[in-house]
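The structure appears below as structure tokens.
The values are calculated or read from the model by the stated rules, or taken from the named source; none is laboratory data. Remember, it's a predicted structure, so these values are computed and weren't measured experimentally. FYI the Cβ positions are ideal-geometry reconstructions off the backbone, even for glycines, and counts take in every protein chain you see. Calculation scope for accessible area: heavy atoms of the full protein, side chains included, ligands and nucleic acids excluded. Shrake-Rupley method; radii C 1.70, N 1.55, O 1.52, S 1.80 Å.
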Amino acid sequence: MDTINVLEKQQPLQAENSPQDETWTEVIQPRTNLLDLGLADVWRYRDLVMLFVRRDFVSTYKQTVLGPIWFFIQPLLTTITYVIIFGNVAKLSTDGLPQAVFYMSGITIWNYFAQTLTNTSTVFRDNAAMFGKVYFPRLTMPLSIVISNLVRFAIQFGLFFAIWLYYLLKGNSGIHPNWLILLTPLLVVTMGLMSLGLGMIFSALTTKYRDLAMLLVFGVQLLMYATPVIYPLSSITGKYRWVILANPMTSIVETFRYAFLGSGSFSWTYLAYSLGFTVVILILGTIIFNRVQKSFTDTV
């Protein structure tokens, strides 16, 4: 009898605290629109994005002796290696430009794309434990990678700018900058969105096929040789030229180099092709990302 009386007394309390009367601070619902990136949610969680950016930036060289100095050392060592191997040994053309500034321009612009794509491609796999425990907009994670690599790009761009300014003030270096420098923000945004779209596609695929992550690293290295990073586009002639032009990164690298160095090639047509490719790949990446994020914890 006592047990029955207790239950009878609790029932009115349960009725008073029915779900209809409760106020929720967060309602999680599945998205039905595959093209919805949930940018409003991302904006609400912008503080979390910045925390991820800080985490990515700090953790990269944590417990290292030189720390952030590696942001300068890596492109410098790469440039010196290219000067020795491709400039002096292989004798590749640099369109009459100083080898150091020629290779640094290609390295600066390529590193941002390659690092962002590689890091974004494993975002589901690397953060599966966090995704399974707490809710936050999934897009915040790949977006933070794009922003954190943008900080690294700014540091390496500062190094390139210093070398570029040295040769520019030195005179007789063949460097002739032009107004296309104003397109630099557009080039950076295009690379960021392109790597984000491709990264979301590969991140969705690596939840089931982890081998793709290793294959992508190798593929990005090969793609660099199909991009005029270590050689000018003018040196490519014949039947393989169309392969280089089909690479959407070609026009971005060439435009950046032509704007700052005044040597190379620039075409509005090919730049528009890169922009169109970015839009298409970003839409495709959004669709695949939204489909996979609903159930990726079951397969990762």
For the pair Leu186 and Ser234, what calculated FRET efficiency results from E = 1/(1 + (r/R0)^6), where r is the Cβ-Cβ distance and R0 = 30 Å, to the nearest 0.05?
-> 0.85
Rounded percent of accessible protein surface that carbon and sulfur make up, segment 35-298, 1.4 Å probe | 68 percent
In nanometres, what is the gap between the two model label sites at Trp268 and Ile84, each 7 Å from Cα along Cα-to-Cβ?
-> 4.5 nm
Between Lys91 and Arg54, with labels modelled 7 Å along Cα→Cβ, what's the label distance in nm to one decimal, could you check?
-> 5.5 nm
With DSSP loop assignment and no more than 11 other C-beta atoms within 10 Å, the chymotrypsin sites (Phe, Trp or Tyr not before Pro) in segment 124-186 are Tyr135
Largest first, how would Val279, Val292 line up by accessible area (1.4 Å probe)?
-> Val279, Val292
Compute the accessible area per residue over segment 131-219, keeping the other protein chains in place, probe 1.4 Å, unit Å².
-> 47 Å²
Kirkwood Rh in Å, taken over all unlike Cα pairs in segment 35-298 | 19.5 Å
Can you check what the net charge comes to around Val49, using other residues whose Cβ is under 13 Å from the Cβ of Val49 (Lys, Arg +1; Asp, Glu -1)?
-> +2
From the Cα centre of segment 108-146 to that of segment 169-206, the distance in Å is 19 Å
